[in-house]
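S.K.: Sending over a structure as structure tokens; questions will come in a sec.
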Amino acid sequence: MTATSKDPFSPQEIAAEGLKPEEYTEIVRRLGRHPNKAELGMFGVMWSEHCCYKNSRPLLKQFPTTGPRILVGPGENAGVVDLGEGLQLAFKIESHNHPSAVEPFQGAATGVGGILRDIFTMGARPIALLNSLRFGSLEDAKTQRLFSGVVAGISHYGNCVGVPTVGGEVYFDCAYSGNPLVNVMALGLMETPEIVKSGASGLGNPVLYVGSTTGRDGMGGASFASAELSDESIDDRPAVQVGDPFLEKSLIEACLEAFKTGAVVAAQDMGAAGITCSTSEMAAKGGVGIELDLDKIPIRETGMVPYEYLLSESQERMLFVAHKGREQELIDIFHRWGLHAVVAGTVIAEPIVRILFQGEVAAEIPAEALAENTPLYHRELLAEPPEYALKAWAWTPEALPPCTTTGIEIQGCLHSWNDILLTLLDTPTIASKSWVYRQYDHQVQNNTVILPGGADAAVVRLRPLEEIPNLKSQIPNLKSGVAATVDCNSRYVYLDPYEGAKAVVAEAARNLSCVGAEPLAVTDNLNFGSPEKPIGYWQLAEACRGLAEGCQELATPVTGGNVSLYNETLDSQGNPQPIYPTPVVGMVGLIPDLSKICGQGWQTEGDLIYLLGLPTQSKIELGASEYLATIHDTIAGKPPRIDFDLERRVQKVCREGIRAGWLRSAHDCAEGGLTVALAESCIAGNLGAEISVEITATQVQRWDEVLFGEGGARILVSVASEQQEIWESYLQEHLPQQWQKLGKVGNSHTSLGVLTTDNHSLIKVSIEDMRASYASAIKRRLATHTTLEG
């Protein structure tokens, strides 16, 4: 461990650990010597973007993080919010993008396992999972393999561990061809008297390693997740972890039982960077040090060296600090659940991480240098938007062919609006995701109130499985529930990161409002390309600015999340191809009474249909729309600008209408605009609709804008006819001039019909034809590929 005059590592060896030359120089300065191989690896993973957020941390500081319901904000394993009546909810989102690109099944499966550990490490029992997935074109054979593998991995782990996957989103776009995104969100209900934190304390307290054994799987996964993907990434399969959901189920139960004894001082999941991360973060947060003996660690492979122990990301492992004298009590609990548990170290006064191996010091580094005082890059923001954005913003609808009430002529062929609607419903991004969610067990634990595909957000009953301290009532069937959603229209963000990010927050809150939930808080997953490139950093910085403003405007503080940068694929010529900037927002909301919720499908023939929010003929954009991308193969224009005042009023009216019992259904107008939203409500309820848009044929230049244009603050609702007077009176008072009565719900044998006020027919499509396009789009493409291969 003595310093040498000659650099012990070549520039290539330093770069292989994900470190820059100037970062290595800083390491030498801080240590007062050159690091050894194990220490170099420790710095490599802890100073990676994945662990220390060295490019994004300055931007994250603008997020609102406090509020009346926020109990734990950023900095811990998960955020925690107060739901009232003694109930507390832990929630978090994480990414497993790069591993899923290389080994989709295990990459996605261990992504589920990792986010669940973040939840139960806090002392919460996991109650639900959601996921946000992005893939390339589903016509592509590689995309189909990745897509099928990721869905199978999520299904395998979630189903086996016994946590329902209740919702999510799936997008398909060529921007993700080589770099799919796999973001997983988990929710948990607190079961322990106190929230379990991660900061070590108590000099002389024992440090326990619990859970599974340590092997060579997942070596350097954090550094792997902080670099571009290339043709050689297939060689990085060892950087992909291998999970065991049955062992994780035992770990959940053992940890919750251990926490309830009061013998645990602190706990930390061994996720990215494994033992290195857990020891350094626990020590740094507690202002103490940890000494750990690798010879005590249970292993599954022989001949491992300190570098491998410290960088392994073997799954289902935790690190505890216990009260001295109570360690055996904890060890017995884990042994009873068939898990390893050993005293592997001690809390020490000197604020360092000291690693022992075979009786010698294998590594010794100040904890703060690894976990807190890490590199920070303040990058220069472009003075002007980049050329691609300016070019896109110059687009206007005048560039499109003219259209009439009968349709639009594209390349010499007339396409009716019926044809356009059926094409959009057949687009995998819009189409039913039943092929995906039918593989998930979404009803395990028996608390899923609305099944996937039935509403704009997932709804889960708040029914504790165990007795919860401080709960005002231990009655098992509580009336309240929690709603959750994950959202991001990445095309919006690509075309205008600032406005697009605001739209992401607004849509998430709107989706919660559509089921009757009051939006409470956010966890975000920032998936971007390289921040070292001016355009990449501009996208990241502008999107963070938009997210911060959106969360501030809608009173939904950020409790934590994840940053995943360098989502770029290097092609065979070494040219980087970045993904669309994709800031996924996971949002949770409170439902006070589960008897007052809404799905998206029509409920009863004769119910009246209303549009809340923007009138169909103004402030609606074809720019950045699904219609423009799918029908005209054009990615251009500006996304809709969010009017937060209108957004708040529309969402509140929707929530109040649901709670008053007036609304029978509610559905956000998102991709595909008003007509796709109408079609989705028809399909979900198996009932038609007779719609009249309050426009005459002479008043409109672009009927595609009326039918398929997109804009914020628009919710489609249905109301029982006997409630019409009280409902319209309420609208006039709380949303004057910002709503329209569109028509009424038909029967199961009718179609979706859209007329102008002067009786020009725009749309007339049967439920059967809409369902045929919508329900089979994904399955049919996968079946076609299988047939061709066979």
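The values are calculated or read from the model by the stated rules, or taken from the named source; none is laboratory data. Keep in mind that what you see is a predicted model, and the values were worked out from it rather than measured. Glycine gets a Cβ as well: all are built from the backbone with ideal geometry, and neighbour counts include every protein chain shown. These area figures cover heavy atoms from the full protein model, side chains too; ligands, DNA and RNA do not enter into them. Shrake-Rupley method; radii C 1.70, N 1.55, O 1.52, S 1.80 Å.
S.K.: Conditions first: (1) over 31 Å from the mean Cα position of the chain (by Cα); (2) over 29 Å from Gly500 (Cα atoms); (3) not polar (S, T, N, Q). Leu370 passes all but one, so which condition is the exception?
M.R.: Result: Leu370 fails condition (1) only.
S.K.: Just to be sure, is Gln315 touching a Leu at 6+ places or on another chain (Cβ under 6 Å) and either closer than 18 Å to Ile348 by Cβ or buried (at least 23 other Cβ atoms within 10 Å of the Cβ) (or both)?
M.R.: Taking the combined requirement at face value, the residue does not satisfy it.
S.K.: Mind counting the residues in the stretch 102-145 that are among the aromatic types (Phe, Trp, Tyr) and either open to solvent by less than 10 Å² (accessible area, probe 1.4 Å) or over 24 Å from Ser434 (Cα atoms) (or both)? Spell out how you get there, then give the answer.
M.R.: Restricting attention to the stretch 102-145, the residues satisfying the condition of being among the aromatic types (Phe, Trp, Tyr) are 105, 120, 135.
Okay, now just the ones that are also either open to solvent by less than 10 Å² (accessible area, probe 1.4 Å) or over 24 Å from Ser434 (Cα atoms) (or both), so 120, 135.
So the answer is 2.
S.K.: Please determine whether any residue of the stretch 727-743 is modelled with pLDDT of 95 or more, touching a Gly at 6+ places or on another chain (Cβ under 8 Å), within 17 Å of His667 (Cβ to Cβ) and among the charged types (D, E, K, R).
M.R.: So far as the stretch 727-743 goes, no, none of its residues is modelled with pLDDT of 95 or more, touching a Gly at 6+ places or on another chain (Cβ under 8 Å), within 17 Å of His667 (Cβ to Cβ) and among the charged types (D, E, K, R).
S.K.: Sticking with this structure for a sec: Taking only the stretch 400-423 into account, find how many residues are at pLDDT below 95 and either among the small types (Gly, Ala, Ser) or touching a His at 6+ places or on another chain (Cβ under 6 Å) (or both).
M.R.: 2
S.K.: While we're looking at this one, here's another question. Can you tell me which residue among Leu707, Leu731, Leu742, Leu716 is outside any loop (DSSP other than H, G, I, E, B) and touching a His at 6+ places or on another chain (Cβ under 6 Å)?
M.R.: The conditions single out Leu716.
S.K.: Testing Phe63 on (1) assigned to a loop (DSSP other than H, G, I, E, B); (2) open to solvent by 50 Å² or more (accessible area, probe 1.4 Å), one condition comes back false. Which one is that?
M.R.: Condition not satisfied by Phe63: (2).
S.K.: Can you name the residue in the stretch 277-305 that is in contact with a helix residue (DSSP H, G or I) (Cβ under 9 Å, 6 or more places away or on another chain) and among the β-branched types (Val, Ile, Thr) and is also surrounded by the most Cβ atoms within 10 Å (Cβ to Cβ) among such residues?
M.R.: The qualifying residue surrounded by the most Cβ atoms within 10 Å (Cβ to Cβ) is Thr279.
S.K.: Is it the case that Leu129 is touching a Lys or Arg at 6+ places or on another chain (Cβ under 9 Å) and either hydrophobic (A, V, I, L, M, F, W, C) or at pLDDT below 95 (or both)? Talk me through it step by step, then tell me what you get.
M.R.: Details: touching a Lys or Arg at 6+ places or on another chain (Cβ under 9 Å): no; either hydrophobic (A, V, I, L, M, F, W, C) or at pLDDT below 95 (or both): yes.
So Leu129 does not fit the description; no.
S.K.: Please go through (1) touching a Gly at 6+ places or on another chain (Cβ under 8 Å); (2) farther than 23 Å from Glu671 by Cα for Arg510 and return the number of the only condition it doesn't satisfy.
M.R.: The single condition Arg510 does not satisfy is (2).
S.K.: So which strands (runs of 3 or more DSSP E) stay within the stretch 389-451 end to end and still have 1 or more residues that are loosely packed, with under 15 Cβ neighbours inside 10 Å? Write out each step before concluding.
M.R.: Numbers: elements: 407-410, 413-416, 448-450.
By residue number, 407-410, 413-416.
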